[in-house]
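The values are calculated or read from the model by the stated rules, or taken from the named source; none is laboratory data. Worth saying up front: this structure is predicted, and the values here are computed from it rather than measured. Cβ: placed from backbone, ideal geometry, glycine included. Neighbour counts: every protein chain shown.
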Amino acid sequence: MTFHLFFYGVLRVGVADWPFLEGLGLGSPASTTGALYAIPAGPHWYPALIPTQARYSSIVHGTIHEAGSVDLAAIDAFEGADYERQELAIDGWDGFGDTRAEAYIWTAELPEGALPIAHGDFVQWLEETGNKPLSEVSDR
């Protein structure tokens, strides 16, 4: 059975170079439903996806990948205690509706300074605001 991962933030291809993603299968544009927030980390930002929160719920844009031979333990460690890998319905993998994929869901309280991203696209938000993404593990 093929296992899929959905990335919506700093792990999307082109945002930063993460050696622990070696072995990840090719990706395809995809989306899910939820509330997306930008979390400040010093001069950098990273996103938080909360699957259900009616007030700010929107389409969250990202990419879906076949997990391939990626090191899940390394990704789990990078994401840290504020995230939990959970299965979600993702639209866009095959163009025929929902696919199940795991994504890193924010499980902590939102910190002071967290900003909602109404249009649901963290990469677009970075471009619009000129903010810089978290680009190294040491940025957190």
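Brief remarks follow.
- Within segment 1-17, being modelled with pLDDT under 90 and not small (Gly, Ala, Ser) holds for MET1, THR2, PHE3, VAL13, VAL15, ASP17.
- Lone unmet requirement of (1) surrounded by fewer than 16 Cβ atoms within 10 Å (Cβ to Cβ); (2) part of a loop (DSSP other than H, G, I, E, B); (3) out of contact with any Asp or Glu (no Cβ under 9 Å at 6 or more places or on another chain); (4) touching a residue at least 24 places away in the same chain (Cβ under 8 Å) for ARG12: (1)
- Residues (surrounded by 18 or more Cβ atoms within 10 Å (Cβ to Cβ) and either under 15 Å from PHE78 (Cβ atoms) or modelled with pLDDT of 90 or more (or both)) located in segment 19-32: LEU21, LEU24, ALA30, SER31, THR32
- Residue check for ALA35: hydrophobic (A, V, I, L, M, F, W, C), under 14 Å from LEU110 (Cα atoms) and buried (at least 21 other Cβ atoms within 10 Å of the Cβ): yes
- Within segment 18-36, tally of residues that are in a loop (DSSP other than H, G, I, E, B) and either free of Cβ contacts under 8 Å to residues at least 60 places away in the same chain or in contact with a strand residue (DSSP E or B) (Cβ under 6 Å, 6 or more places away or on another chain) (or both): 5
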